[in-house]
Amino acid sequence: MTAPDAEPASEPASPVAPEPSEPAGPAPADRELSVRERAVLALERRSWAGPGAKERAIREELGISPVRYFQLLNALIEDERALREDPVTVNRLRRLREARRDRR
């Protein structure tokens, strides 16, 4: 028999933490980039040996799908904090995006 004031056993924590929700609007300018946002920029700085290498790295290193990666990357291209963090990469991505738009 257990004591009436004993706490019930809690359930074990799940091994996978839920993904934090992304803010709906633009991030405040004074907030720093998250670890994930920095990792996306770092992955984008690298060069890739062949087809599929980048997608494999996205899944293995970031633990997200390539579709989600490119969604995050496109949001970062517009983020002034990302421009301050890595101007070379962000400006290169902005130029590539503009070139694609001009070809359409």
Legend entry - Any chance GLU80 is open to solvent by 80 Å² or more (accessible area, probe 1.4 Å) and within 25 Å of ARG31 (Cα to Cα): yes
Inset, instruction - Just give me the residues in region 84-100 being open to solvent by 20 Å² or more (accessible area, probe 1.4 Å) and under 15 Å from the mean Cα position of the chain (by Cα), in sequence order. - result: GLU85
Legend entry - Residue tally, condition open to solvent by 70 Å² or more (accessible area, probe 1.4 Å), outside any loop (DSSP other than H, G, I, E, B) and free of Cβ contacts under 8 Å to residues at least 12 places away in the same chain, over region 32-54: 1
Inset, instruction - Confirm whether ALA27 is open to solvent by 50 Å² or more (accessible area, probe 1.4 Å), modelled with pLDDT under 95 and either more than 15 Å from the chain's Cα centre (by Cα) or not charged (D, E, K, R) (or both). - result: no
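The values are calculated or read from the model by the stated rules, or taken from the named source; none is laboratory data. Values in this document were obtained by computation on a predicted structure and should not be read as measured data. For neighbour counting, all protein chains shown are included, and Cβ atoms are generated from backbone atoms with ideal geometry for every residue, glycine included. Each accessible area value is taken on the protein alone, full model and side chains, heavy atoms only, with ligands, DNA and RNA left out. Shrake-Rupley method; radii C 1.70, N 1.55, O 1.52, S 1.80 Å.
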